[in-house]
Each structure stands twice: as structure tokens, then as C-alpha cells.
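Below is one structure; the comments refer to it alone.
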């Protein structure tokens, strides 16, 4: 089964911020090579590709399952409403593909330890 | 020496998101009890306390050093400009207090591993 991963971020007017997400995607791709056929990123707004386009690219690349992984810290409107709405549309377009949304980064139990490693 | 830690987040119109940051602060406080006299949180906008007020509370509580820890994933305008400007003002007001800004969460090398633990 061809499973692919789409890291999704908010997107920024500052292109260097979007590039940070793209560089993270490269690191994620090598870390996840044994689990995912392809790893890519997409943005909710202000940067390309969009989330629907990012999912479509993976499907066009042969993905039978796509995991959407929100690179978000808090369950704001984007995580609660916008992302699920975009994913629901893609599911309707491609009922043959298993498209699911993983928990967002902020839910990780390891965040406190990571934060303390920075100070 | 009384060192205190201030976790700073963007702030959201959705109060549940701000409460997520406050709950994280509680977890951070117990995880960091051996290193920091006090651990608190503050918000850039849309929630209380503000970053200047958060720093001031810690100083009023006796902090001789305050580490400002940005709970941000990318180096957008907020991390690059807004937070340093607010901190610079507080440094000018309180030259006797060592106020420094830690690297933001998104710089952690462990992010890829954390992301993969979510899928």
C-alpha cells in the first residue's frame, strides 16, 4: 500500500518561514522513508502548494492513503474547522483514497521536555 | 539567583486555545521546578497577560533573570521583530534584570521525531 504524508502549516508572508517548513519536510522525508512512500508539505494560506493541491499531488503520485499532519501548536479555527473542511472536500473527490488527519503537533506529550531543552 | 521562565504564545480569539497554553505552562512548571523559581505564560495579542505584563509579574515576584521562551514554530514577524521589541522595552525599564530570549520551539532538532510519533 502506498501511504504518503502531508505536513501542513499555516503559511506566512515571509518566505523564509515557508522555507523553514520546506526544510523540515526534507528532514521528515528522510526520517520517515521506511513508513511513507512520499512526504510533502502544503500550506493553509499565503504559500504554495495549497492543502488540496498538496493532497492531489500525492494522489497523482499513486498514494492510496494520505496522512495529513498539522504543524500547528494549538487547536485554533484553522485546526478545528478549516483543515477538516478542506480534507472533507478531497475525500469526497477521491473516495478510493484513505485520507486522514493526524493529531496536531501541540498535542504531543513531549513538548514540555522539548521546550526545556531550548533554555 | 532567582531565575524565572516566561512561555510566550501568539494568543487566540478562541479561549480554549489560550487555555491549552496555560495547561502547558502548568506541565512546564512541574517539569522545570528545579531550574526556575517561577514559570508563567504570556501572549503577544488577543489574550492576557501581555508579554510586558508577564515579564513584569515575574520581576515583581523577585526574578533577577527572566528567560522568554517563544512557543512558536516559525521565525515570522512576531518572533523576529515583535517579541524582541517588547523585550527590549522591558530591558530598558529594568536594567538590573537579565532578560533574555531563548530559541523558539521550531528550532528544536527533535521536531521531526515528534511529528512522526503522532502518525
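Taken together, the values in this text are just the output of simple stated rules run on the coordinates, not laboratory data. Quantities reported herein were computed from a predicted structural model and do not represent experimental measurements. In this analysis, Cβ positions are derived from the backbone assuming ideal geometry, glycine residues included, and neighbour counts consider all displayed protein chains.
Things worth noting here:
- Angle in degrees between helix B:15-31 and the longest Cα principal axis of chain B, rounded to the nearest 10: 70 degrees
- Globularity ratio of the protein assembly as shown, using Cα Rg and 2.2 N^0.38 Å: 1.09
- Inter-probe distance in nm under a simple model that places probes 7 Å from Cα toward Cβ, at residue A:60 and residue A:89: 1.7 nm
- Helix A:83-93 and the longest principal axis of the C-alpha atoms of chain A enclose an angle of approximately 20°.
- Label point at residue B:77 placed 7 Å out along Cα→Cβ; residues across the stretch B:17-56 whose backbone nitrogen lies under 16 Å: B:44-46
- Spherically averaged projected area of chain A from its Cα convex hull (nm²): 7.8 nm²
- Order of B:77, A:29 - criterion: other Cβ atoms within 10 Å of each residue's Cβ, fewest first: B:77, A:29
- Rel. contact order, % - alpha carbon contacts under 8 angstrom, at least six apart, the stretch B:3-116: 29 percent
- The residue B:50 and residue A:35 beta-carbon pair, evaluated with R₀ = 45 Å, returns a calculated FRET efficiency of approximately 0.60.
- Taking Cα atoms only, the orientation of helix B:51-60 departs from the longest principal axis of chain B by about 50 degrees.
- For peptides B:39-45, B:100-106, sequence by mean Cβ density within 10 Å, most packed first: B:39-45, B:100-106
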